[in-house]
Amino acid sequence: VAAGVFLVARFFPLFVASDTAMNTVAIIGGVTAIFAASMGMVMNDMKRVMAYSTISQLGYMMLALGVGAYGAAIFHLFAHAFFKALLFLSAGSVNHATGTFDMRFMGGLRKHMPWTYAATLVASLSLAGIFPLSGFWSKDEILAGAWSGQFAASALVSQLVFWLALIAVFMTAFYVFRAIFMTFHGKFRGGAEA
């Protein structure tokens with residue numbers, strides 16, 4: 001999944017040599033972060049929410065590479081691997097308990113699966129960029145890199161992608177907590193038998 005980000009990072013000296021390439025990477029990354037986050041906001045399948053979330057976070061990483069925040073991109077790639085792995089493991093645990101990935105048939109699992117709930121909550125807080133977890137630090141560095149535009153090929157593109165990334169931060173928080181509330185809070189809605 002992260003091969004594209006890694007490839008651009010490995011060839012970073014070639015990308016830096018072209019302002020057009022850097023601007024293109026930054027804009028595609030910003031648009032990807034927003035578009036995939038918007039898809040995650042409306043999915044009812046828990047795994048699909050996480051999959052679109054992954055695409056959105058890859059957009060963040062590409063955005064960071066496009067504005068020249070190389071270290072922030074690799075840091076987010078590394079941090080993201082851990083909290084997203086925990087979210088996918090939690091989704092598998094919930095699926096094993098309910099027989100479905102459809103969050104419309106879940107609910108009320110917090111008291112029946114406290115360890116899974118705790119793991120999902122910590123990973124979700126990190127994904128949403130809540131202090132002091134790793135997602136906060138990596139996203140903050142990406143936003144700071146885009147805001148400063150110090151290494152960006154274009155100040156206009158840098159400011160544009162900063163606002164795209166900031167909007168995507170709030171979209172990420174929305175869809176991840178929507179998934180938590182639909183899965184773990186409220187009343188149980190029947191699982192696979194519903």
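Laboratory data are not the source of any read-out in this text; all were calculated from the coordinates shown. All values reported here derive from a predicted model rather than from experimental measurement. Note that each Cβ is placed from the backbone with ideal geometry, even for glycine, and that neighbours are counted across all protein chains shown.
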Toy charge model, Lys and Arg Cβ at +1, Asp and Glu Cβ at -1: the range 31-161 dipole around Cα centroid in debye, rounded to 20, equals 340
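Compute the orientation-averaged projected area for the range 94-135 from the convex hull of its Cα atoms and round it to one decimal in nm².
If I average the Cα hull's projected area over directions, I get 3.4 nm².
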Among the range 44-81, those whose backbone N falls under 19 Å of a label point 7 Å along Cα→Cβ from A144 are 60-80
By the DSSP-based rule, helices of the chain that are at least 18 Å long along the axis (C-alpha) and have a mean Kyte score of at least 0.5 are 19-40, 46-66, 70-98, 114-128, 155-184
Any chymotrypsin sites (Phe, Trp or Tyr not before Pro) in the range 109-146 that lie in a DSSP loop and have at most 11 other Cβ atoms within 10 Å would be none
Per its Cα gyration tensor (rounded if a/c is under 1.5, else prolate when a/b beats b/c, else oblate), the range 1-52 is best filed as oblate
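Quick one: longest stretch of the chain between exposed loop trypsin sites (Lys or Arg not before Pro), exposed meaning at most 11 other C-beta atoms within 10 Å and loop per DSSP?
The reported range is 1-110.
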Once amide hydrogens are built 1.01 Å from N within the peptide plane, the residues lying 5 or more places from D45 or on another chain with amide H under 5 Å from its amide H are M103
Averaged over all viewing directions, the convex hull of the alpha carbons in the range 43-159 casts a projected area in nm² of 7.5
With a ≥ b ≥ c from the Cα gyration tensor eigenvalues, square-rooted, and the rule rounded for a/c under 1.5, otherwise prolate when a/b > b/c and oblate otherwise, the range 128-168 is oblate
Applying the gyration tensor rule to the Cα atoms of the range 103-185 (axes a ≥ b ≥ c; rounded if a/c under 1.5, else prolate if a/b exceeds b/c, else oblate), the class is prolate
